[in-house]
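The values are calculated or read from the model by the stated rules, or taken from the named source; none is laboratory data. On a predicted model such as this, the values are computed, not experimentally measured, just so you know. Positions of Cβ are generated from backbone atoms using ideal geometry, with glycine treated the same way; all protein chains shown enter the neighbour counts.
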Amino acid sequence: MLEWLWLIPALPFAGYVVLALAGARLSRTIVASVGVGSVGLSTALALATGFSFITSPQSNHVYSQTLWTWISVGNFTPTIAFYLDPLSLVMTLVVTFVSFFIHLYSSEFMIGDEGYSRFFAYMNLFVGSMLTLVLADNLLLLYLGWEGVGLCSYLLIGFWYQDPSNGRAARKAFIVTRVGDTAFAIGLFLLFTHLGTLQIQEVMQRAAQQWPMSSPLAVAAAALLLGGAVGKSAQLPLQTWLPDAMAGPTPVSALIHAATMVTAGVYLIARTHVLFSLAPAVQLTVAGIGAATLLLAGFSALSQRDIKRVLAYSTISQIGYMFLALGVGAWSAAIFHLMTHAFFKALLFLAAGVVILAMHEEHDMLKMGGLRRRLPLTFWTFLIGAASLSALPLVTAGFYSKDLILWSAWSSSSGSTWLWVAGLVGALLTSVYTFRMVFLTFFGEAKHDVTYRPGNRMRLTLIVLATLSLIAGLVELPHTLGGRAYFSEFMASALPALDYVRGDTRAELILQIVAGAVSVAGIYLAYLFFLRRRAIAESLARSSVGAALDRFWFAGWGFDWLYKKLFVGPYVWLARVNKDDFIDSIYDGIAKLNEVLYRALSVTESGKVRWYMTGIAFGAIVAIAIAVFL
Amino acid sequence: MPAVPMEHGLFLAALLFALGLIGVLVRRNVIFILMSIEIMLNAAGLAFVVAGSRWAQVDGQVMFVFILAVAAAEVSVGLALVLQLYRHLQTLDIDAASKMRG
């Protein structure tokens, strides 16, 4: 079974090729069956592969498959090879599974769109690239997948290209992530020149052998890889592209900008964790970036009115939690949260997609309300997703993963109380903005008459994801609840366990109770402000400080403004100054000089033989004079 | 035999050459230009002969015979060109044949 590993990314690529070449001529039914079917087969294969991988008696728990040598130049011989270990297996399963259900949902959601086959072609290309990224055996192949998902993200954000603002959002996403990708590429050059290989496992091994702790090279390599991860995962300071990326269709936001692609940065850091362990300063930066991002994005989410932008900021914030976990060395906790987040955030986006369809493309939550009775299934699934996002204790998956991160931030050798407090404040914010969204959208009086009902495929997707949002946390129970850590035990061969230095079971219980209480308190605050006593929230927002903060948070802490002043403005100014291209004018000058000379010389070609004779005679005299006198 | 000094011979050759060159440059009639070219060729030939006699070498006269042959060939081609020129332009004015200007 394992030798069919290559088919997992190959199938979506095949689907892409079919749809890209023949999609326009196929009927919608066939397009949907190719688009959904290729990912479905890939998912089935991933499940089968995962089953045989777990049950196989291999001691080292690693399977790698080399297809062919990609390039061979000197000692630079990257291969097209796939590497399966517990980390990439979990990622593969999450990606294929979530992708399949989102494809299924899209086959109904996008049915009225004229770009139906184009949509599925891009989505299949995305899934193929993402699986290449996840399964890649060397960093160059990983980079290929990395750029592939970036391209698909660009194509799908600008999917409705007739609206220029969508095109702008797509370009913004592409350019901002390119900043990080450049750092990543330089990091790869550095690793190759100093370690002589890009094969991930060998890079880790050689780095651990050759580079001492905190050596400048290790710090530089880790920092450059972090740059790539920050760009892709929309963390400070490159987080500005994600809220605008919501211009794409809702299933795209669910798949690419919530569940899979944006978590690639987390995967990259977990994959190259040895480098980060060698550079504790960089690792601390990862934790700092995570903590700062989760707070910033949490505040911003509080004041958004567009339902998708709230979810976008919450994605940034949740990835901040994953970075926090990576930063304190809780590698498997980060991947655990990545997994549960993929389920509940995809669910929230897809349910929001139903709401937006039902409201006829209305995104503003303040114009919604009372949808609870009109869209009961959507309401219940959205509520489950929201509860999971808010980490409602015991019953939701989000609680287990977020609690593990908070506990790690407290007890790890590189953790601190400050990081824990930041996480806790973030958790309070999370449940406030999440339930603000729930109360504004589904409670209150109905403002519109809604007749829309989601079809079977959309309902099935919502139900499956809601179920997973509830039970996916049971694979890793904390010590206080039996301590069955199947997930981190499974991960142990790929990712080292957390280095605990403080806290016992009693402390863990207290922290858990605090975290749970914070989550419930957040929900109560949201209930108070946005349902029971709207007047309090409104008077707060009207006060001068409140209004200023609201505007500031709404604009995402003014990062867009800052970058516009700092980078875009000067760049545009420079482009305008240099409109005629200074370098080009040198070459234009040479051409102009030639033209002038040509005109001057063509005058001498008068057609008068006697002039030519004179010229020859004069030339001969000069030549002879030179020969004689010099 | 009192030999003519070489300088005299060479001076005559230079004079003839200059006269020929001036003729080529100032004349507009093609026939005269051809004649002037002949004078220049013969001036060169004279210089060879003078040099040959100065160093008592036969090469100078051999060269002159060679120049005569070349001159004969040149004149036949030149006169053919003159005929064509006259047939096309009904004139022997060299300045009229200036269609190939840049």
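Go through the residues of region A:534-550 one by one and say whether even a single one is among the charged types (D, E, K, R) and touching a residue at least 60 places away in the same chain (Cβ under 8 Å). Yes, region A:534-550 has at least one match.
Being assigned to a helix (DSSP H, G or I) and exposed (fewer than 13 other Cβ atoms within 10 Å of the Cβ) is the filter here, so list the residues in region B:1-13 that pass it. Those that are assigned to a helix (DSSP H, G or I) and exposed (fewer than 13 other Cβ atoms within 10 Å of the Cβ): B:GLU7, B:HIS8, B:PHE11. Screening the candidates A:SER117, A:SER129, A:SER106 for the property of being surrounded by 22 or more Cβ atoms within 10 Å (Cβ to Cβ), modelled with pLDDT under 90 and polar (S, T, N, Q) yields one hit, A:SER117. Looking across region A:127-151 at every residue that is of a type in the set (A, V, I, L, M, F, W, C) and touching a Ser or Thr at 6+ places or on another chain (Cβ under 6 Å), the one that is nearest to A:LEU19 (Cα to Cα) is identified as A:VAL127. Residue selection: A:TYR563 satisfies the criterion of being within 28 Å of A:ARG168 (Cβ to Cβ), in a helix (DSSP H, G or I), modelled with pLDDT of 85 or more and not charged (D, E, K, R). In region B:32-56, the residue that is surrounded by the most Cβ atoms within 10 Å (Cβ to Cβ) out of those that are within 14 Å of chain A (Cβ to nearest Cβ) and touching a residue at least 40 places away in the same chain (Cβ under 8 Å) is B:ILE33. If only residues of region B:19-31 that are over 16 Å from B:VAL75 (Cα atoms) and of a type outside the set (D, E, K, R) are counted, the one that is farthest from the other protein chains (Cβ to nearest Cβ) is B:LEU19. Candidates A:GLY569, A:GLY589, A:GLY558, A:GLY607: the one that is within 14 Å of chain B (Cβ to nearest Cβ) and not charged (D, E, K, R) is A:GLY607. Of all residues in region A:408-460, those satisfying the criterion of being in a helix (DSSP H, G or I) and basic (Lys, Arg) are A:ARG436, A:ARG457, A:ARG459.
All told, A:PHE76 meets the bar of being modelled with pLDDT under 90, in contact with a helix residue (DSSP H, G or I) (Cβ under 9 Å, 6 or more places away or on another chain) and farther than 28 Å from A:ILE175 by Cα.
Taken over region A:485-524, the criterion of being surrounded by 19 or more Cβ atoms within 10 Å (Cβ to Cβ), farther than 13 Å from A:LEU392 by Cβ and small (Gly, Ala, Ser) is satisfied by A:ALA485, A:SER488, A:ALA494. Scanning region B:14-49 for residues that are of a type in the set (S, T, N, Q) and part of a helix (DSSP H, G or I) returns B:SER36, B:ASN42. Applying a threshold of 6 Å to beta carbon distances and a minimum spacing of six or more residues, or different chains, the list of pairs starting in region A:227-247 at a residue that is closer than 19 Å to A:GLU147 by Cα and ending at one that is polar (S, T, N, Q) reads A:GLY231/A:THR177; A:LYS232/A:THR177; A:GLN235/A:THR293.
The criterion of at least 1 residues that are polar (S, T, N, Q) and crowded, with 24+ Cβ neighbours inside 10 Å is met by the following helices (runs of 4 or more DSSP H) wholly inside region A:311-399: A:331-358, A:376-389. Can you name the residue in region B:90-102 that is of a type in the set (A, V, I, L, M) and surrounded by 13 or more Cβ atoms within 10 Å (Cβ to Cβ) and, of all such residues, is nearest to the other protein chains (Cβ to nearest Cβ)? Among them, the one singled out is B:ILE94. The residues in region B:57-89 that are under 22 Å from B:ALA18 (Cα atoms) and within 14 Å of another protein chain (Cβ to nearest Cβ) can be counted, and the count is 1.
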